[in-house]
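Q: Here it is, the structure in full.
The values are calculated or read from the model by the stated rules, or taken from the named source; none is laboratory data. Computed from a predicted structure; not experimentally measured. Virtual Cβ from ideal backbone geometry, glycine too; neighbours counted across all protein chains shown.
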Amino acid sequence: MRILLVTPPLTQLNTPYPATAYLKGYFSAEGHEVRQVDLGIEVADRVLSKSFLAPIGLERQAQLIEPVKRFLRGQDDTLGPRIANRSLLPEGARFSQLDEDGLEWSFGVSGTSDKAQHLATLFIEDIADYIRENIDKHFDLVRYAEYLSNDAPTFDPLYNELRQKPSPIDQLMLELLSSHISEFHPDKVCITVPFPGCLYAALRCGQWLKANTQSVVEIGGGFPNTEWRQLSDRRIYEFCHEVLIDGYEAALEMCPDFSDLPLDKYLSLTEMTNPMHRLWSQGRWNKMVVARGCYWHRCAFCDTSLPYIGNYHAPKASTVVDHMERIVEQTGRTGFHFVDEALPPKLLEDVGREILRRRMAVSFWGNIRFEKAYTTELCDLLAESGLVAVSGGLEVASDRLLKLIDKGVTVGQTIAACRHLHDAGVMVHTYLMYGFPTETLQETVDALETIRRMFDEGIVQSAFWHRYAMTCHSPSGLHPENYGAHRITLDSNPFCNNEVDWEPGFDYDIEAVGAALRLATYNYMNGLGLDQPIRSWFPIKVPKPSIQ
């Protein structure tokens, strides 16, 4: 059987999303003839071209786009100083938001590669803004028509848009898809939808395939597996033959195969100065899974009832490192982003030892739980084997709430793990959460004080606050009464089902609190305001920190 694997626009422009690479490894091992395409990078490459930009009124950008792309692909570093001194690129609205002092603080003296990448990214974003405002309202660099898919209880808005004439970007995408179909003649087309920003494009592709080919069209991926488990709107089958829920799970145990993707087309972007967010968009990291599922799978806010979290399976360390060696051969790149829900510390230790035993020169980063296993000895070992950064959840930064959500760690253990990682030279990013059921204003203030102290000590370099969202697949969504919460409705939507409405019952302005947390933490990341009183960040009256 001929199988075409498709990643629709748009996920990331700096590196391939790994779903199709895992599926290719799986289907190839079963004896099928397999081809994979990343329509996201192919569309972006066609849009960011002289032939596309000049006719729509961007003549100056059209003259510069190919040199800028070569620079962002690492093919012409000599352009960096010219971009960094701001004498080359036309500067649109994105540049007007630049803080010159902050730019120099973040990137150093003029001429540095990171600064040039950031400015070149702003140039690309200005182009994307122009296209969205004048040519195609759906277009964005890392998502496509996401507003139609985010929190969509009914199919109607998205369905109605899909019944309209394809937009100019749609047409370009379908032309590229048509060329792949003509060359390969697949019996089956599998379209992965990892995020809501890929759904519209996926359905456009499915719509065209059903109208113009005899191929069987399957749609799966992270978004359907989370949002469509209660799907009842049969109109979805106008765009595919099958919706796969928990399909091809065994593929995650295979070695991914990136070999036929256009790896020279990906663009290393620096969208923001946050050091962890830069890792996401900068550089062509090889994405791979170390262990399937989450070894902890208990956190109250997480979709632990779903197989992608709850079905944990860990391979041998030697198998993991075998896969790493094969991927390096395929891509020529030695950097890895381990995309696990949470890297198991014992397996990670064994992987580190195996890397050292084979004397491999690699770099890697990923998500962990800040638990007591991350001792000085383990962190030193991991850093020596190639660990450069970690992200992990401090979440509510309150021992009472950490116990309530069954996080399995304490604030003290988290601080100790961050200190050991920092001392080993590993960059640390922490996720933070506010607005969990029963969280008091005092606990929120204390959480901000905790993170202020961690920045002040230098044991975290990056942090981001999320507002708690109750999801229907999480323990807190399935049994809200165990967490002092009440769901407003238990009924399922006909289309997407994930986040659910609940009664917060907070006696303070949660939106004002969230804005203050983000503002304070942004300043802390830039080395500012660390001596400023905590209460000064809030536009409402809050108590003093109570932690010693």
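Q: Would you mind telling me which numbered condition in (1) hydroxyl-bearing (Ser, Thr, Tyr); (2) more than 24 Å from the chain's Cα centre (by Cα); (3) within 25 Å of Asn523 (Cβ to Cβ); (4) at pLDDT below 95 Thr489 fails?
A: Going through (1) hydroxyl-bearing (Ser, Thr, Tyr); (2) more than 24 Å from the chain's Cα centre (by Cα); (3) within 25 Å of Asn523 (Cβ to Cβ); (4) at pLDDT below 95 one by one, Thr489 breaks only (3).
Q: On to the next question. What number of residues within the range 394-409 are in contact (Cβ under 8 Å) with a residue 40 or more places away in the chain, among the acidic types (Asp, Glu) and over 12 Å from Phe301 (Cα atoms)?
A: Of the residues in that region, 0 qualify.
Q: Mind listing whichever residues of the range 174-197 are under 21 Å from the mean Cα position of the chain (by Cα) and more than 18 Å from Lys24 (Cβ to Cβ)?
A: Passing the criteria: Phe195, Pro196, Gly197.
Q: Just to verify a result, which residue in the range 492-523, among those that are of a type in the set (Ser, Thr, Tyr) and within 23 Å of the chain's Cα centre (by Cα), is surrounded by the fewest Cβ atoms within 10 Å (Cβ to Cβ)?
A: My answer is Tyr522.
Q: When you scan the range 225-257, how many residues do you find that are part of a loop (DSSP other than H, G, I, E, B) and closer than 30 Å to Val328 by Cβ?
A: The qualifying residues number 6.
Q: Still on this structure: Going through the range 343-366 one residue at a time, which ones are crowded, with 16+ Cβ neighbours inside 10 Å, touching a Gly at 6+ places or on another chain (Cβ under 9 Å) and either at pLDDT below 95 or not in a strand (DSSP E or B) (or both)?
A: Result: Leu343, Leu348, Gly352, Ile355, Val362.
Q: Oh, and also: Looking at the range 518-546, which of the residues that are in contact with a helix residue (DSSP H, G or I) (Cβ under 9 Å, 6 or more places away or on another chain), under 17 Å from Trp465 (Cα atoms) and in a helix (DSSP H, G or I) is modelled with the lowest pLDDT?
A: Among those residues, the one meeting the criterion is Met525.
Q: Given the criteria outside any loop (DSSP other than H, G, I, E, B), touching a Cys at 6+ places or on another chain (Cβ under 9 Å), buried (at least 24 other Cβ atoms within 10 Å of the Cβ) and not aliphatic (A, V, I, L, M), does Gly206 qualify?
A: The answer is yes for Gly206.
Q: Residues to consider are Asp303, Asp260; find the one that is part of a loop (DSSP other than H, G, I, E, B) and crowded, with 20+ Cβ neighbours inside 10 Å.
A: One residue alone meets the criteria, Asp303.
Q: Continuing with this model, one more query. Hey, can you tell me all the residues within the range 367-408 that are on the phi < 0 side of the Ramachandran plot and assigned to a loop (DSSP other than H, G, I, E, B)?
A: Correct list: Arg369, Phe370, Glu371, Lys372, Ala373, Tyr374, Thr375, Val396, Ser398, Ile405, Lys407.
Q: Considering only residues of the range 93-139 that are over 30 Å from Tyr200 (Cα atoms) and among the small types (Gly, Ala, Ser), which is modelled with the lowest pLDDT?
A: It comes out as Ser110.
Q: A follow-up question, please. Can you tell me which residues in the range 397-448 are among the small types (Gly, Ala, Ser), surrounded by 22 or more Cβ atoms within 10 Å (Cβ to Cβ) and touching a Lys or Arg at 6+ places or on another chain (Cβ under 9 Å)?
A: Within the range 397-448, Ala417 is the sole residue that qualifies.
Q: Out of Ala397, Ala389, report the one residue that is within 21 Å of Gly458 (Cα to Cα), assigned by TED's automatic domain parsing to the domain that holds Ala291 and either out of contact with any strand residue (DSSP E or B) (no Cβ under 6 Å at 6 or more places or on another chain) or acidic (Asp, Glu) (or both).
A: Testing whether each residue is within 21 Å of Gly458 (Cα to Cα), assigned by TED's automatic domain parsing to the domain that holds Ala291 and either out of contact with any strand residue (DSSP E or B) (no Cβ under 6 Å at 6 or more places or on another chain) or acidic (Asp, Glu) (or both) leaves just Ala397.
Q: In the range 282-297, what residues are touching a helix residue (DSSP H, G or I) at 6+ places or on another chain (Cβ under 8 Å) and either small (Gly, Ala, Ser) or surrounded by fewer than 17 Cβ atoms within 10 Å (Cβ to Cβ) (or both)?
A: Ala291, Gly293, listed by residue number.
Q: Ok, one more. Kindly evaluate Val142 against the criterion of being within 28 Å of Arg70 (Cβ to Cβ) and in contact with a Gly (Cβ under 9 Å, 6 or more places away or on another chain).
A: Considered against the rule, which asks whether it is within 28 Å of Arg70 (Cβ to Cβ) and in contact with a Gly (Cβ under 9 Å, 6 or more places away or on another chain), Val142 comes out as yes.
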